[in-house]
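Here is the structure we will look at, set down as structure tokens.
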Amino acid sequence: MADVLSQTEVESLLAALDHSGASAAAGPESQYENFAQISVYDFKRPERVSKDQMRAFQALHEGFSREFGASASALLRTIVETKLISVDQLTYSEFVFSLENPTCFNLLESKGLEGHLILDLNPSIIFPILDRMLGGGRDIEQDYPNRPLTDIELKLVTRIIELAMRGLENAWANICSLQLRIAQVESNPQLVQIVPPNEVIVLISFEISLGEMRGIMNLCIPFNSIEPLVGKLSSDSWSAYTKKAVDPWQQVSLETGLTHTKVNLVARLAKTSLRMQETMDLSVGDVIVTENPVQQGLQITVEGRPAFIGFPGVYKGHKAIQISQTLERPRDVVAVRLSQQPTVKLAGASEGSPPKKT
């Protein structure tokens, strides 16, 4: 006859089963405890731009946002704030389908980059800018039309786009010469296909504030266009805030090379004027009287700039010019005059304080 389990033994068996089931359920989770730092990677959207290059893009265009805001404020005669809000990389199709339709979609052509850039201005800010340029811009609750820009409005928008292009050229000056120009302006962004839909682009977004009105400006840079310049997109190469010390070897080499450079030296003998009839009547042996006295000497120029005064002559059977005087350069004259300025005593200075120059 089988032994009958007591109530205590039954409870112990149930507790053991619950503990084994809980440990079995927790087993698969405990296997992944060491993989807490797993990050999702989408093979349809490869990250071709490194984090260091993205930081370089961010610092690069923060300077552009400040310059563009100042230029737009001067043009519109009001305060325009431009702030960099994001730097992302995504596919071209995702960028196009995220834009409004209609919008101000500007296709920019660059001589310094292979391919095109896109500068998109949101209608929520482009119409307030146009309203301000046409004398309005004071009604903050005005509803703006949902339509493409007219020819007159496109002409006015071109002035804003040109300010942005000049700012981009200045911001990229340490990397390459962009030399931007407007190639095409569209209202429907889906009509412009500059790269394949799955091509990676760098999207730089700015927020433009005009009083109480705000809008987004997007700068789209295809990765294929900047791929030859990825080596320069680092804080060590494009930054212009750090100055390198002068290399003595390079300085001596430069000075040595300049000393052997050939320059064009010209001595002007005289200057006069003749009528056409007198010129036609000239023959061999005629004497032309000039207005320059012999004692005045000749002016000698070096690469078109006056440098010396000399007198013509003959040296060892060759025509020659004897240097008699060195002409003063304008900067030397300014330095001498500044050094000759009298010292004056400032009002309120004590008797024992030294005089100061003005």
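Here are some notes:
- Sorting the segments 188-196, 6-14 by their residues' average number of neighbouring beta-carbon atoms within 10 angstrom, most packed first, yields 188-196, 6-14.
- Overall form of region 185-235 per C-alpha gyration tensor (a/c, 1.5; a/b vs b/c): oblate
- Treating each Cα of region 183-327 as one equal point scatterer and applying the Debye formula with no solvent, the log10 of I(q)/I(0) at q = 0.09, 0.10, 0.17, 0.21 Å⁻¹ comes out as -0.72, -0.74, -1.23, -1.33.
- Loop sites in region 253-300: GluC sites (Glu not before Pro), DSSP, at most 12 other Cβ within 10 Å: E291
- The label point for M280 and the one for V266, both projected 7 Å from the Cα toward the Cβ, are 2.9 nm apart.
- In terms of packing, defined here as the mean over residues of other Cβ atoms within 10 angstrom, the peptides 74-83, 302-311, 205-214 line up highest first as 205-214, 74-83, 302-311.
- With an a/c value of 1.5 or above and a/b not larger than b/c for the gyration tensor axes a ≥ b ≥ c computed over the alpha-carbon atoms, region 159-214 is described as oblate.
- Working from label points 7 Å from Cα in the Cα-to-Cβ sense, the V252 to E9 distance is 10.2 nm.
- If you wrap the Cα atoms of region 279-330 in a convex hull and average its projected area over all directions, you get 6.0 nm².
- Sorted by Cβ density within 10 Å, fewest first, the residues Y144, Y92, Y315: Y315, Y144, Y92
- Cα gyration tensor shape for region 97-169, rounded if a/c is under 1.5, else prolate or oblate: prolate
- Charge tally for G69 (other residues, Cβ to Cβ under 15 Å; Lys, Arg +1; Asp, Glu -1): +2.
- Here region 259-278 is scanned for amide nitrogen atoms under 17 Å from the site 7 Å beyond the Cα of A320 along Cα-to-Cβ, giving 267.
- Placing a pseudo-label 7 Å from each Cα along the Cα-to-Cβ vector at R337 and L156 gives an inter-label distance of 4.8 nm.
- Counting other Cβ atoms within 10 Å as a rough exposure proxy, the listed residues R166, R132, R181 run R181, R166, R132 from fewest neighbours to most.
- Counted over region 247-286 with a bin width of 10 Å, the fraction of Cα pairs per bin, in whole percents, is 19, 23, 15, 13, 15, 13, 2.
- Volume per residue of the C-alpha convex hull in region 46-160, rounded to whole Å³: 140 Å³
Read the figures in this text as sums done on the coordinates, not as results from a lab. Owing to the predicted nature of the structure, the values given are computational and were not obtained by experimental measurement. Cβ coordinates were reconstructed from backbone atoms using ideal geometry, including for glycine residues, and neighbour counts include every protein chain displayed.
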